[in-house]
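Here the structure comes first, spelled out in structure tokens, and everything after it is commentary.
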Amino acid sequence: MAANNRRMSGKKGAQVGSGGKRRRALEGKGPTPPAEMRKGHAKQRIAQAQARRAQGRPQQRRTGGKSAAEMVVGRNPVAEALREGVPATTLYVQQFIDNDERVREAIQLAGERGGIHLMEAPRPELDRMTNGLNHQGLVLQVPPYEYAHPEDLAAAAYDQGEDPLIVALDGVTDPRNLGAVVRSVSAFGGHGVVVPERRAAGMTAGAWKTSAGAAARTPVARATNLTRALEAYKKAGIAVVGLAADGEHEIGELGALEGPVVIVVGSEGKGLSRLVGETCDFRVRIPMPGGTESLNAGVAAGVVLYEAARRRA
């Protein structure tokens with residue numbers, strides 16, 4: 001009977017408790033830490049890079065890769081490239097060449113710059129090196145260009161205590177336009193240029209010449225995928241502004257130019273590609289009372305860079 005009473009009793013036996021874990025779970029984890037303290041955040045990587053530089057530790061820097069080596073051929077092109085400061089490793093001079101003014105100037109400039117080897121070679125060797133191009137007895141070896149990584153441009157700006165001002169080129173295939181943009185970025189206090197790895201102009205001798213020496217002090221970064229590079233900039237708090245003839249804003253109305261910004265310039269014919277245009281935070285237009293339909297990349301970038309520099313002054 002006593003056993004039956006125990007079975008029918010309403011009393012509960014001992015139960016396993018939570019040990020206070022449920023109460024602590026309701027308390028939360030506190031306020032969200034700032035971006036600089038969040039693991040994997042772009043701003044944390046920038047802050048860590050700054051700390052490494054401050055402590056003088058060697059930094060493992062990613063790069064955007066290197067371009068292929070290039071050769072400048074012909075007496076006028078070689079002399080002009082040397083005159084404009086295009087990087088070079090070797091000047092090849094044909095044996096028994098007719099020594100005219102351009103040849104003498106090229107040899108003199110190469111000697112004055114230092115670091116450029118002077119090599120004499122027979123004509124058949126120069127023909128082989130240039131695949132039969134009309135080299136006129138002068139060949140200049142241009143070393144591969146080492147591109148920066150897109151994130152390095154923003155990190156360098158923050159290191160200087162400045163908001164990043166970067167230009168990205170979408171579908172610009174003329175090296176002279178790239179050189180003109182590099183020159184404008186340098187003139188208006190920008191921090192670099194980003195180009196896609198494929199179907200885009202690279203830092204060739206032609207781009208170097210058009211930059212008029214600015215390429216020596218303004219880095220060019222290369223992105224494997226331009227859309228992803230722009231998305232990474234956005235996650236780091238940098239506004240992405242695309243130039244478009246049908247843009248919703250005029251450049252004079254856009255306050256984003258006063259802060260950290262990437263200005264995206266498309267090709268003269270096609271403009272911004274669809275994916276890049278959709279990635280932009282703002283699409284802006286340059287008012288042109290004269291009725292011209294479009295500007296080339298170098299001129300368009302210069303206009304917007306001037307507006308950004310004026311607002312930041």
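The values are calculated or read from the model by the stated rules, or taken from the named source; none is laboratory data. This is a predicted model, so every value here is computed, not measured. Positions of Cβ are backbone-derived with ideal geometry, glycine not excepted, and every protein chain shown enters the neighbour counts. Heavy atoms of the whole protein, side chains included, go into the accessibility calculation; ligands, DNA and RNA do not. Shrake-Rupley method; radii C 1.70, N 1.55, O 1.52, S 1.80 Å.
Could you run the Karplus curve 6.51 cos²θ - 1.76 cosθ + 1.60 with θ = phi - 60° over segment 129-145 and give me ³J(HN,Hα) per residue in whole Hz, x for Gly and Pro?
4, 9, 6, x, 5, 7, 7, 6, x, 10, 9, 10, 8, 9, x, x, 8
Sort 234, 209 from largest to smallest accessible area, using a 1.4 Å probe on the heavy atoms of the protein chains. Please list the in-between numbers first.
Working: 234 75, 209 55 Å².
Per-residue accessible area, sorted high to low, gives 234, 209.
Between segment 168-227 and segment 231-285, what is the C-alpha centre distance in whole Å?
17
If you take the square roots of the eigenvalues of the alpha-carbon gyration tensor of segment 171-313 and sort them as a ≥ b ≥ c, do you get rounded (a/c under 1.5), prolate (a/b over b/c) or oblate? Mind dumping the intermediate values first?
Details: a/c = 1.27, a/b = 1.20, b/c = 1.06.
It comes out rounded by the Cα gyration axes.
Pull out a ≥ b ≥ c, the square roots of the eigenvalues of the alpha-carbon gyration tensor of segment 236-313, then state rounded if a/c is under 1.5, prolate if not and a/b is larger than b/c, and oblate in the remaining case. Let's see the in-between values first.
On the way: a/c = 1.76, a/b = 1.16, b/c = 1.52.
Note, shape of segment 236-313 comes out oblate.
Check residue 194: other-chain or 5+ apart residues with amide H under 5 Å from its amide H, H built from backbone geometry?
167, 168, 169, 221
Using mean Cβ contacts within 10 Å as the protection proxy, how do 276-283, 148-155 order, highest first? Please report the intermediate quantities before stating the final value.
Numbers: 276-283: 18.2, 148-155: 22.8.
Top to bottom by mean Cβ count within 10 Å: 148-155, 276-283.
Contact order normalised by length for segment 184-313, with contacts defined as Cα pairs under 8 Å and 6 or more residues apart; what percent is it? Intermediate results must be reported in sequence, preceding the final value.
Values: 173 pairs, mean separation 36.0, N = 130.
Relative contact order here is 28 percent.
Could you list which residues have their amide H under 5 Å from that of residue 70, counting only those 5 or more apart in sequence or on another chain, with H placed in the peptide plane?
Counting only residues 5 or more places away or on other chains, the set is 142.
Go through segment 102-115 residue by residue and turn each phi into a ³J(HN,Hα) via Karplus (6.51, -1.76, 1.60, θ = phi - 60°); whole Hz please, and just put x for glycine and proline.
Working through the residues one at a time gives 5, 5, 4, 5, 4, 5, 5, 5, 5, x, 5, 6, x, x Hz.
Leaving ligands, DNA and RNA out of it, work out the accessible area of residue 101 with a 1.4 Å probe and give it in Å² to the nearest 10.
Only protein atoms counted, so the area is about 140 Å².
Compute the length gained on full extension between residue 270 and residue 216: take 0.36 nm times their separation in residues and subtract their Cα-Cα distance, giving the result in nm to one decimal.
Working: separation 54, 0.36 × 54 = 19.44 nm, distance 3.00 nm.
This chain segment gains 16.4 nm when fully extended.
Using θ = phi - 60° and the Karplus form 6.51 cos²θ - 1.76 cosθ + 1.60, what ³J(HN,Hα) does each residue of segment 271-285 get, whole Hz, x for Gly and Pro?
Karplus-based 3J(HN,Hα) across segment 271-285 equals x, 6, 5, 4, 5, 5, x, 6, 6, 5, 6, 9, 10, 10, 10 Hz.
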